[in-house]
Amino acid sequence: MYRAALLAVVAVAAFFAYINGVQLAFAVVYAAILVTVLSLAWSLIAARGVSCAREAPGGTQMVGELFSQRFQVSNRSFLPIPLIEMRDLAQFPGYRASRGLSLRAHEEAIWDSEVRLLARGRYTLGPTEIRLADPFGLFPRRLRFPADGSVLVYPAIYHMPDFAFIGARAGLDSDRGGRPRDLPPSASGIREHDPADGINRIHWISTARKGRLMSRTFDAEEGSDLLVVLDLRRGLHYGTAPESSLEYAVTLAASIAHGALRHGRAVALLATDRELTNIAAGRGDAQEQLIMESLALAQADGQVGLGDVLYRHIPAWRTRGNIVLITSDPSGEWVEAMAAGSQPGRKAVAIYVDARSFQSPARTSTIPAQWRLVLDIWTIRRGDDLSRLDPVVGRAVV
Amino acid sequence: MTSPASTQWWAEPLSDLALVILLALALVAAVAAAPVRSPARVAGPGSASVVVRSVRQLGAPTWVSLVLALLLAVSTAGALAVTVLGSLGLSGCLVAAIGVLMAQALARLTKSRALGILGLVVGGMVTTVAITLQVAAGIGAGGSLAGLFQQVIASPASAQIFALLVVCWATGAWVGWLALREHEGAIACAVPLVVLVADLVNIPQILQAAPAWPVVGAMVSGLALVGWTHEERQLVRWSELGVPWSGARPQRALGMVAGAAVVVTLVALLAPPLNRTNISERFFHSGPHISRTSPSAKIAAISGYSTAVVPGGPIRQVRDPVLSYRTSAPGGEVYLRGVALTDFSNGNWYPAPGASVTLKSGHLIPFQDSGAQGTAATELDRKEVSLTVTYLGTGAQEVPDLLYPGSPSQTPNLPAVYRVQGETAGHALLTVDDITTEAGLANSLPSSQTITTYGTVSEATAQQLESAGTDYPSWVEADAALPPEAAFIDVNELAADATAMAAGATNPYQIAINIQNALRTQEIYTLDPPPVPAGVWPIVYFLNDSHRGYCQYFASAMGAMLRTLGIPSRLVSGFGPGEEGRLKNGERLITEADAHTWVQVYFPHYGWVNFEPTPDGFYQPTGAAAASTGPAPTTSATVPHPGVRSTGTNTAPIQPTLHRHHLGRVLGWVELAVALLLVIVLVLGALRWWLWVRTPGQLRRRLALAVRLGRMGDPRCLTVTELARACATVASRGNLTGEQELMLLAAVADRIAFSDQPPTVGAEALAAGWGRVRSAYPGMLWRAWRRGRRRAGPGAKPTVIRLQSI
């Protein structure tokens, strides 16, 4: 708007300079016109010569990791650009990768930008916006470069005890962590050999036939699978990521699933989100990736009651292994259904994420004692160190 | 009882000193209110926090905008000063500067835009009113402050001064506020642009070159201000948003902007104007001053007798006979006086609408003979001369006024009632302007068409007139000044011209002689003067620009200039002495071509004395007016034979001698001197740069230039040895000696740089080494530049700068 007004002023001045034939007035008007034309041409040429590129690791990342990108802004025109502003419009929480630059002709700037990933989800890498102008700033231009790719951020993972045996009487290997065990020897299949596999797992016949090392896979012991139930109903979770009950719940689910899978358990995921996500039990990296992707994008948007879901799925799971429920629901409607999933000598585990500590308006968060009679209940509050959960006391150890 | 205003402090207007003190205070306030920006700290998630450098920390000098705004405002006011403000120029510039500084102070002191603007308006009004009052006091208005106010309100000149000062103030405040607070340089420059163009298109053409330097200053500073405020706005924005800045320091941007501003200004100044002719009248019919003419005035487009002097366009000479005459004056020739013109208006002269006395045939002109000084009856050293005129053809109709050989004294044989017009005291005359008959001259003459008149011609000597003093009678004082409503600009110009022409004169006579001689020697007589632009007094245009005109121009200019100096003067319209020997009876023939205008100056005790400023090659000053006459008059008129007026037009090249210390001309010399000085400084600087290498840093800069030109890498990342090696590829061209010299030079530089000794140790060795390379250095630069151009072609690899991670 103001440019139009200025142009009008220049036009009127030019008119009067012309009809009066005054050289100095012409000079003033010429200068105004010249600087306008020069600025316009400068802006156009510079905008044509500017390009922006980024290098970023694709695939998946995890909350808490440093995500590094390399930016490159090039000026391939023959004109210097005194001021360029590069704005990365990627929506990483707390991320700001804008940068002010000054580039000579045929010059490019390269820099790395790091951001610590604070929240799970899928983030596009971009778009990127370049703002530049001529030296007089009369014709600012805004160039927008579309997003090139995205990155999926998994929830953070903390070391967890083996929840397949939490709440159960002491199992033979319940305290063993680490790599999948070789026992029992009931082989269920053949797979590519992993250097971490023991020599006694090598299936020599297949190895001879395929010409490369193949290993046997075994069924885990009966009843050692784990069902992770994540309560994602709308209105239950409070707080803002990363300090929200939802993030805590998802992080717990991811950590528990990861830990169980590392222990060779078959892990299933059941969530009360809008899609009622139900990932069948499975083992290995593929299962973990499936669960992690689901958890990375999980939202608290479900509407089906938790009790209904539990009643529908728990009977089929009762003999297969343990159940871990992660919820912020203080109402207790799920207690009875969970209790139905308990087996003699092994209580189902419920991790109660205390929403009140995340500024929930709920009045009470006290766990009734009778719940603890039928369930192994853990309580997680805001600020708890999830890496230090104590299975004995059922909460994080400070 | 009201006490005198001079005793009340509040009634004292601002003095220049007070104005300067006000300027200093505003400067102090502006500096004290300068922003102190602390670095913004941005919490960089997942990484160390990034300290965003403030504008000041970035090296961006925050005072640059202030300096540029001051330059722009003062330059704009300076243009006004040169053209219209005149002696108030300094005040105008100071007011503009105060406007900028006050805007800066208010911008920093208050965040409220409305409050700031209100403060600016109040401050501006106080300052401009105070200065206007000061000016009013300086030009004679006295008494109380209320009296000053009344004088200012009543005086058009004061209103004009006030308006101009307000313009200066508004320009400064606008520039300061928008550039320093809003960081909107382009909008800030809009008002100076409008003021400059409005000023330039409205001033006389002669002055249009005078404000060249202020205009150039305004252009450069304005353009730089536009660019710099853009940079500053961006830097401030980044600082506020926490955007880290990388790359070159803002000085690079400032340098780029300043360079672009200079280049744009130079190109704009060198570009020819699309139109050099004033065609504004086609669009606006406001009309020039000269359009105002007396209804009774007879303005000649052809030569002839005129009862008003309105200098205009070309005159075509007509040689129709008007009359013949005999006179008792020495030499038989005399100026035939028709009407005295005392009413000056907008550069033209008209008969004064004064009182008149009607007389019957044979009655003598009733002069006031009270003996009071200054009346026609008491004038000294005047000789009565007779004039017998015989009208030829329609001469009596062409000339309505009776013709006299000097100041009219009597017309004894006029057979008609006649009316004498002039200054009167009761029923008696003090001086005569013109004499006409009631029934018209053509109907009042005897059948012979001949009439004899008597007039007095001054025979006062130069010494007498020099000592005549300035004790003018009261009735003549009106003829000693220009009317107060006269245009401010033109009067100023006339006064400046008069002062310059009268330089060295100590009395009115010398002043008149100096001006007469200056006009006769420095201006060119022609009947074909150039057209006068609209809005300019013809005599101002004549004096300052065209330097060409005919008798009306010369006489009008001299009369007006004398009046600006307080000397009573008037113009006389009549006929020159005419041609001799054209009639067998010995009478002199007067034709239309002999119509003439000359000047009369009043001297106490001696009355009106003729002066002849027109250098037409024919009429010469006589009597006292002939004293101290300068060199032969400059004329472009060709004179076919003596006594015959030329009809030719000026074909000779015009080379008028400028007689004024006009600021524009002075600036012309200053301009040349500065340009020469600049060239010398540049040459010396270049020579020194080329010849002088005594430190490793200097060597590094010279080698880096070659590397940069050749696009052989980023010089910032290369050591001196690497630079020398890179330069060797373009310097030696296979000559190992050159490469060895460069490497040796680099080794010397490294030794000096990393030595414990002071840098001066080894400087001689470095200088000696550079001396061996120096002659090859220009060639090296040339080859490096050519290589750089090849590398900069399509597909060239750009220079890469790696920035710190964020």
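See the values below:
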read-out	value
Qualifying residue in the stretch A:145-152 (condition: over 30 Å from A:TRP371 (Cβ atoms) and within 13 Å of chain B (Cβ to nearest Cβ))	no
The stretch B:170-219 - residue that is more than 9 Å from chain A (Cβ to nearest Cβ), more than 15 Å from the chain's Cα centre (by Cα) and outside any helix (DSSP H, G or I) and, of those, farthest from B:GLU231 (Cα to Cα)	B:GLU182
All positions within the stretch A:116-141 that are farther than 24 Å from A:SER294 by Cβ and either outside any strand (DSSP E or B) or facing another protein chain (nearest Cβ under 7 Å) (or both)	A:GLY126, A:PRO127, A:ALA133, A:ASP134, A:PRO135, A:PHE136, A:GLY137, A:LEU138, A:PHE139, A:PRO140
Condition met for A:ILE291 (within 12 Å of A:LEU230 (Cβ to Cβ) and part of a helix (DSSP H, G or I))	yes
Whichever residue in the stretch B:786-806 is at pLDDT 80 or above and surrounded by 17 or more Cβ atoms within 10 Å (Cβ to Cβ) and, among such residues, is farthest from the other protein chains (Cβ to nearest Cβ)	B:ARG787
Verdict on B:VAL166 being in contact with a helix residue (DSSP H, G or I) (Cβ under 9 Å, 6 or more places away or on another chain), farther than 17 Å from B:ALA105 by Cα and surrounded by fewer than 21 Cβ atoms within 10 Å (Cβ to Cβ)	yes
Within the stretch B:261-309, considering residues that are over 21 Å from B:TYR553 (Cβ atoms) and in contact with a Ser or Thr (Cβ under 9 Å, 6 or more places away or on another chain), the one modelled with the highest pLDDT	B:ALA261
Some residue of the stretch A:342-349 being in contact with a strand residue (DSSP E or B) (Cβ under 8 Å, 6 or more places away or on another chain) and crowded, with 24+ Cβ neighbours inside 10 Å	yes
Residue identified as within 21 Å of A:TRP334 (Cα to Cα) and either in contact (Cβ under 8 Å) with a residue 60 or more places away in the chain or assigned to a helix (DSSP H, G or I) (or both) among A:LEU276, A:LEU261, A:LEU246	A:LEU246
Flag for A:ARG87 being assigned to a strand (DSSP E or B), more than 14 Å from chain B (Cβ to nearest Cβ) and either surrounded by fewer than 21 Cβ atoms within 10 Å (Cβ to Cβ) or at pLDDT below 90 (or both)	no
Conditions (1) surrounded by fewer than 21 Cβ atoms within 10 Å (Cβ to Cβ); (2) over 19 Å from A:HIS159 (Cβ atoms): number failed by A:ALA268	(1)
Qualifying position, being within 25 Å of B:ILE203 (Cβ to Cβ), outside any strand (DSSP E or B), more than 7 Å from chain B (Cβ to nearest Cβ) and touching a residue at least 12 places away in the same chain (Cβ under 8 Å), among A:ALA46, A:ALA14	A:ALA14
Flag for B:TYR553 being among the aromatic types (Phe, Trp, Tyr) and under 21 Å from B:GLY338 (Cβ atoms)	yes
Selection status of B:ARG237, facing chain A (nearest Cβ under 8 Å) and charged (D, E, K, R)	no
Test for B:TYR325: is it in contact with a His (Cβ under 8 Å, 6 or more places away or on another chain) and modelled with pLDDT of 85 or more	no
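Listed here are the residues, each with its yes/no results for (1) buried (at least 19 other Cβ atoms within 10 Å of the Cβ); (2) modelled with pLDDT of 80 or more; (3) closer than 30 Å to B:LEU90 by Cα.
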site	(1), (2), (3)
B:ALA212	yes, yes, yes
B:VAL215	yes, yes, yes
B:GLY227	yes, yes, yes
B:ARG237	no, yes, no
B:MET256	yes, no, no
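Residues checked against (1) at pLDDT 85 or above; (2) among the acidic types (Asp, Glu); (3) surrounded by fewer than 13 Cβ atoms within 10 Å (Cβ to Cβ):
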{"site": "A:LEU138", "(1), (2), (3)": "yes, no, no"}
{"site": "A:PRO161", "(1), (2), (3)": "no, no, no"}
{"site": "A:PHE165", "(1), (2), (3)": "no, no, no"}
{"site": "A:ALA168", "(1), (2), (3)": "no, no, no"}
{"site": "A:ASP173", "(1), (2), (3)": "no, yes, no"}
{"site": "A:ALA187", "(1), (2), (3)": "no, no, no"}
{"site": "A:HIS193", "(1), (2), (3)": "yes, no, no"}
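The values are calculated or read from the model by the stated rules, or taken from the named source; none is laboratory data. Computed from a predicted structure; not experimentally measured. Counting neighbours? That spans all protein chains shown, and the Cβs are built from the backbone with ideal geometry, glycine included.
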